[in-house]
There are 2 protein chains.
Amino acid sequence: MSHGLMPNVVAEGTRLTLAPVARGLHRFGISANAVTVVGVLVTVAGSALLGAARPLPALVVLLAGALADTLDGQLAKVSGGGTRFGAFLDSTLDRVSDAALAAGAAALGASLGDPVLFWAALGGLVASFLVSYVRAKAESMGTTATVGLMPREARLTILLIGIGVWGVFEVYPLVVAAFAAVALLSVITLFQRIAFVARELNNRNKEGIR
Amino acid sequence: MSHGLMPNVVAEGTRLTLAPVARGLHRFGISANAVTVVGVLVTVAGSALLGAARPLPALVVLLAGALADTLDGQLAKVSGGGTRFGAFLDSTLDRVSDAALAAGAAALGASLGDPVLFWAALGGLVASFLVSYVRAKAESMGTTATVGLMPREARLTILLIGIGVWGVFEVYPLVVAAFAAVALLSVITLFQRIAFVARELNNRNKEGIR
């Protein structure tokens, strides 16, 4: 499956590299849900490092969290397909990870007295939450809303690049630009999804299967 | 329908008072969706006043936003039951209203240099978003998750009381306490819902209708 801005080859490469790790964890009796929960805790720690203006340690820890997030799906497959609760937990904790990273950036913006980073992080948090909520709500009403130019992998990739560039080259404006870009693109995705749902529900009304 | 901490008699009284207003708006050709959108804009303005440390104007404007939020449902009924897109838009914009109020409080906490208010507001934002997300996600998977001691009306009532007490009696700690209480109760509600979904999906797996 293509993930928008995230190149397929990177996603596929990561998956192939992690396959033996997943099999190893499975042999040790470690469940996909356990990896999901540990991954979120790692991401929260990385977000706290970002909030404390430590971009390089933050980057390393956040990358570990992102790897755990890919690994849980692999582990679920190795363990026989995963459970419905596993899928539910994974989706819910993805939202927690996104929120933690945005909260870390908002705290950084507040402590540096940078209103642009503060509002970009908060706006991005709200918009990306709504992007996920709109999809779940649409599906609960029997339609879909997977459209949008800004899937989660793309958001995370942009933010990690911004944090990395800040950490390595000490170009702070780029981390602000990354959060602002993600906020803006999330808002556009949100409007795309709402318009899509409006059309879908409207068509269904016309067909009389309301 | 009971709304937890929100007394039924208040909700019922508000509904009866607004009924003629809803009929009037309907006669002027104003749609429920238009009232929903205006209500959110009013709530965003009230949240900005809270962020600017103006509690009394904030309270008045936020109360107007809350009234509009009750009015749109009434107007939908008067207009012949409301559309599925109207229900979708109302749910989605409720999340925007909640987020705006929390963002206003977080901005206030940041500008006053009060980490307790800042983190209570951000934590409450994330937890209450997740409470709504978990329900929509559970419903998209064919189950439900309406359990929880902290419905939206109760959250809003506690926050408005906190803002009101701050504004009238100048007791700032109470607005902080209100946001902290809402954050804590939302986290408890979140765990209640996740546990409920875990049981539901687990039972369904056992019954073999996975």
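Somewhere in region A:185-196, is a residue more than 29 Å from A:LEU56 (Cα to Cα) and within 16 Å of the chain's Cα centre (by Cα)? Yes: one or more hits.
Within region A:162-174, identify whether any single residue is without any contact (Cβ under 8 Å) to a residue 60 or more places away in the chain, small (Gly, Ala, Ser), in a helix (DSSP H, G or I) and within 30 Å of A:PRO55 (Cα to Cα), and answer yes or no. Scanning region A:162-174, I find at least one residue that is without any contact (Cβ under 8 Å) to a residue 60 or more places away in the chain, small (Gly, Ala, Ser), in a helix (DSSP H, G or I) and within 30 Å of A:PRO55 (Cα to Cα), so the answer is yes.
Of everything in region B:105-126 that's surrounded by fewer than 24 Cβ atoms within 10 Å (Cβ to Cβ) and of a type in the set (Gly, Ala, Ser), which residue is farthest from the chain's Cα centre (by Cα)? My answer is B:GLY113.
The residue pairs whose first member lies in region B:122-133 and is within 9 Å of another protein chain (Cβ to nearest Cβ) and farther than 17 Å from A:LEU89 by Cα, whose second member is of a type in the set (Phe, Trp, Tyr) and surrounded by 24 or more Cβ atoms within 10 Å (Cβ to Cβ), and whose beta carbons are closer than 9 Å, counting only pairs six or more residues apart or on different chains, are B:GLY123/B:PHE179; B:LEU125/A:PHE129.
In summary, A:PHE191 fulfils each of the numbered conditions (1) at positive phi; (2) within 14 Å of chain B (Cβ to nearest Cβ) with the single exception of condition (1). Of the residues screened, B:VAL147 is one that is under 22 Å from B:ILE194 (Cβ atoms), surrounded by fewer than 22 Cβ atoms within 10 Å (Cβ to Cβ) and either in contact with a Cys (Cβ under 9 Å, 6 or more places away or on another chain) or away from chain A (no Cβ under 14 Å) (or both).
In the condition set (1) in a helix (DSSP H, G or I); (2) surrounded by 16 or more Cβ atoms within 10 Å (Cβ to Cβ); (3) not acidic (Asp, Glu), B:ARG23 is compliant with all but (2).
Conditions tested, residue by residue: (1) closer than 14 Å to B:LEU89 by Cα; (2) buried (at least 19 other Cβ atoms within 10 Å of the Cβ); (3) at pLDDT below 95.
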site: A:LEU160; (1), (2), (3): no, no, no
site: A:ALA181; (1), (2), (3): no, no, no
site: A:ARG193; (1), (2), (3): yes, yes, yes
site: A:ARG199; (1), (2), (3): yes, no, yes
site: A:GLU207; (1), (2), (3): no, no, yes
site: A:ARG210; (1), (2), (3): no, no, yes
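Only one entry of B:ALA106, B:ALA102, B:ALA76, B:ALA87 meets the criterion of being within 11 Å of chain A (Cβ to nearest Cβ), part of a helix (DSSP H, G or I) and more than 26 Å from B:LEU50 (Cα to Cα), and that entry is B:ALA87.
The values are calculated or read from the model by the stated rules, or taken from the named source; none is laboratory data. These figures come from a predicted structure and were not determined experimentally. Cβ atoms come from the backbone with ideal geometry, glycine included; neighbour counts cover every protein chain shown.
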